[in-house]
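Structure record follows, encoded as structure tokens.
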Amino acid sequence: MRILIADDDPQILRALRITLTAKGYQIFTAADGAEAIAAAIDRHPDIFLIDLGMPKLDGIEVIHGIRGWSQAPILVVSGRAGAADKVEALDAGADDYITKPFAVEELLARIRALTRRVPPGDATPVVHLGAVTIDLAAHSVTRDTPDGQKQIRLTPTEWQFIDILIRNAGKLVTRQTILTTIWGTEHAEDTGYLRLYVSQLRRKLEEDPTNPVHLLTEPGMGYRLDGMTT
């Protein structure tokens, strides 16, 4: 079970890494909100432990970013004890909330409870878009051609983009969700980024980039991945 811990307190990160590793969990850490989003995309953790008061992106922004493409359980671990903070975090998409300081036994019990909610078989997918095969775990993209399989190279940002669309296949993913997840809230209105990367992905993944059938634009709203098979 992979857990991502996001907190700007190095002592908390160290203590939780030691404790949870000893319990058999695979631990990844992030020291700020932007780092947390990047680690979430790279590592695909099964559970998130998120602090609210982080630099760059605060915990609420991180939760919104994660919820744009992942349903993995989120446990907020925060020093903010007010009811308004708890309600805001839960409304943003968190599954549970524990206040610092906390007993390790209680934290472990909350994690066990969340673990029971993780659906079985939630494996990193291998998917097909027509003649193109995308293996998210191996970071491999190939196209079937008359001469055999051709390797297609995606940049790290293109990987993040297609990952979000694959995990929300058939659903509209808003422009703001994609921008916030990949680049952070300060670029939430920079739709030029999206047009650039969608154009690049269409050239690499579509049979006819000028008439896409997989990477579809929902005008004024966002993007949708269609025609995906597993």
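The values are calculated or read from the model by the stated rules, or taken from the named source; none is laboratory data. What you are looking at is a predicted structure, and each value in this text was computed from that prediction instead of being measured. Every residue, glycine as well, gets a Cβ built from its backbone with ideal geometry; the counts of neighbours run over all protein chains shown.
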Residues that are out of contact with any Asp or Glu (no Cβ under 9 Å at 6 or more places or on another chain) and either without any contact (Cβ under 8 Å) to a residue 12 or more places away in the chain or over 26 Å from R175 (Cβ atoms) (or both): list the helices (runs of 4 or more DSSP H) wholly contained in the stretch 14-110 that include at least 3 such residues. 83-92
Unmet requirement for Q151, which otherwise passes all of (1) surrounded by 10 or more Cβ atoms within 10 Å (Cβ to Cβ); (2) modelled with pLDDT of 85 or more: (1)
Restricting the search to the stretch 60-103, which residues are more than 22 Å from M1 (Cα to Cα) and within 19 Å of the chain's Cα centre (by Cα)? I60, E61, H64, A89, L90, D91, A92
